[in-house]
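The structure appears below as structure tokens.
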Amino acid sequence: MKPISLTRFLIEEQHRGHINADLRLLIEVVARACKSISTAVGKGALGGVLGEAGTGNIQGEAQKKLDVLSNEILLEANEWGGHLAGLASEEMDHSHPIPNAYPKGNYLLLFDPLDGSSNIDVNISVGTIFSVLHCPDGITEPGDEHFLQPGTAQVCAGYTTYGPSTMLVLTIGRGTHAFTLDREQGSFMLTQRDLRIPEETKEFAVNMSNQRFWEAPMQAYVGDLLQGKEGPRGKDFNMRWVASMVADVHRILTRGGIFSYPLDAKCRDKGGKLRLMYEANPMSFLVEQAGGAASTGRQRMLEVQPSGLHQRVPVFLGSKREVEAAVRYHLEHDAGK
Ligand code: FBP
């Protein structure tokens, strides 16, 4: 059967009453912005978009030119459409209310405009991650505090990965679906409906160079993985680490595995490395909708009550049984077992 377009997929979901016209339009606008980012990324050095921008963000990170360009593309595309009350981005200190010149809507959009920044200049897959929330009733000028809703409040989440092909992976709370960009037609086409993550896995993804900084339960968990079938886990595990969360999570949504960025002595004072609102929460919604699990190591990720727009958290997500195993090591350690 010929794949259907993202537009048709969303219109059919609207006809079934699963989304309204505003959310459908919002998703279409984000997808269109990602097509522009895909074009810019694809040009690489020929487009003059590689390298540092010479500016920094609130995370204290040096911004890449593509971080800034992707942020501008998403801002410009989403400001005037009339379906948003406000936006928030990894690259902006505070939330961005919709200018009064434009009509306002009932949704809030959060995004990491260019995930995997350390891989931009070396031509490895990067991506865009986004999350959609309702704007609280009666609020027309949302501030940062109105975005601080738990992951369970998300009405939509997705990411676009800019790799050998450009793919958009999306959930509106009814499964997780993958679309591939048909560059000739300029349309995202549905290529995998209802992705399912295998519950068991033999593949883990973590930055092993941080091992000496990990907590004891994480040391024990990975130590047992590395012992393979001679060890307490009774099976051999393979390791992968792309250092672009979108690419590592896409592999897991496609063939299973566990992704983790645990708490370690280097990022303890910040609460973790990865950001809750526009990295961990959208990825956790996508993973759970594909039959996987997502945790901080001690709590279901989607139930974390946010306290800040750029809050960081430890992340464990992927194959259900494996995430449960990693959590068990942490909870048993905390219980002094
Ligand atoms: P940003 O690039 O958006 O800042 O994201 C952080 C990130 O690059 C993730 O995509 C990735 O999983 C992780 O950091 C890589 O961390 P490390 O450099 O420690 O391997």
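The values are calculated or read from the model by the stated rules, or taken from the named source; none is laboratory data. From a predicted model like this one, the values you see are computed outputs, not experimental measurements. Glycine also receives a Cβ, built like all others from the backbone with ideal geometry; neighbour counts cover every protein chain displayed. Heavy atoms of the whole protein, side chains included, go into the accessibility calculation; ligands, DNA and RNA do not. Shrake-Rupley method; radii C 1.70, N 1.55, O 1.52, S 1.80 Å.
Calculated over region 249-337, the projected area of the Cα convex hull averaged across directions stands at 5.9 nm². Expressed in units of 2.2 N^0.38 Å, where N is the residue count, the Cα radius of gyration of region 67-120 is 1.16. Full extension of the chain between ARG328 and ILE11 yields a length gain of 109.9 nm, computed as 0.36 nm times the residue separation minus the alpha carbon distance. Can you give the local net charge around ASP112? Use residues other than it whose beta-carbon is closer than 10 angstrom to its beta-carbon, Lys and Arg +1, Asp and Glu -1. Result for the local shell: -4.
What fraction of the DSSP beta bridges in region 53-156 is antiparallel, stated in percent and rounded to the nearest 5? Intermediate results must be reported in sequence, preceding the final value.
On the way: 11 of 16 bridges.
Antiparallel bridges make up about 70 percent of those DSSP assigns within region 53-156.
Here the simple spin-label model places points 7 Å from the Cα toward Cβ, and for ALA265 and ASN238 these points are separated by 3.3 nm. P(r) for the chain, from all Cα pairs and a bin width of 10 Å, is 6, 26, 35, 24, 8, 1, 0 %, short bins first.
Distances over 14 Å make up what percent of all Cα-Cα pairs in region 1-69? Numbers along the way, then the final one.
Numbers: 1629 of 2346 pairs.
For region 1-69, the fraction of Cα-Cα distances above 14 Å is 69 percent.
Taking a ≥ b ≥ c as the square roots of the eigenvalues of the Cα gyration tensor, region 183-327 is oblate, since a/c reaches 1.5 or more and a/b is not larger than b/c.
Surface analysis of the chain yields an accessible area of 41 Å² per residue, using protein heavy atoms and a 1.4 Å probe. Hey, which of these cross-link pairs are over 27 Å Cα-Cα: LYS235/LYS270; LYS2/LYS64; LYS64/LYS273? Over 27 Å apart, Cα to Cα: LYS235/LYS270; LYS2/LYS64.
By its C-alpha gyration tensor, with a ≥ b ≥ c as the square roots of the eigenvalues, how is region 86-238 shaped: rounded for a/c under 1.5, else prolate for a/b larger than b/c, else oblate? Since a/c reaches 1.5 and a/b is larger than b/c, the shape of region 86-238 is classed as prolate.
Label-to-label distance, ALA45 versus SER209, with points set 7 angstrom from Cα along the beta-carbon direction: 2.3 nm.
For region 134-210, what % of the accessible area comes from carbon and sulfur atoms, probe 1.4 Å?
Values: 1620 of 3300 Å².
Here carbon and sulfur together make up 49 percent of the probe-accessible area.
Heavy-atom surface analysis with a 1.4 Å probe gives region 58-111 a carbon and sulfur content of 54 percent of its accessible area. What is the helix-to-structure angle for 21-43, meaning the angle in degrees between its Cα long axis and the longest Cα principal axis of the chain, kept from 0 to 90 and rounded to the nearest 10? With both axes taken from Cα atoms, the answer is about 70 degrees.
Helix 245-255 and the longest principal axis of the C-alpha atoms of the chain enclose an angle of approximately 70°.
Under the simplified labelling scheme, the ARG321-GLN185 pair shows an inter-label distance of 3.9 nm, with each label point 7 Å from Cα along Cα→Cβ.
The antiparallel fraction among DSSP beta bridges confined to the chain stands at about 85%. In terms of packing, defined here as the mean over residues of other Cβ atoms within 10 angstrom, the peptides 35-46, 275-286 line up highest first as 275-286, 35-46.
Value of Rg to Rh for region 51-149, rounded to two decimals, is 1.01; Kirkwood radius and Rg both from alpha-carbon coordinates.
What's the FRET efficiency of ALA153 with ASP224 using the Cβ-Cβ distance as r and R₀ = 35 Å, to the nearest 0.05? Intermediate values should be presented prior to the final figure.
Working: r = 36 Å, r/R0 = 1.02.
For R0 = 35 Å, the calculated efficiency reads 0.45.
Note on LYS35: lysines with a C-alpha under 17 Å away, same-chain residues under 8 apart excluded, are LYS43. Here's the picture: a label point sits 7 Å out from the Cα of LYS2 along the beta-carbon direction, and within region 161-193 the residues with their amide nitrogen under 16 Å of it are 182-191.
Relative to one another, the C-alpha centroids of region 161-205 and region 65-125 are positioned 21 Å apart.
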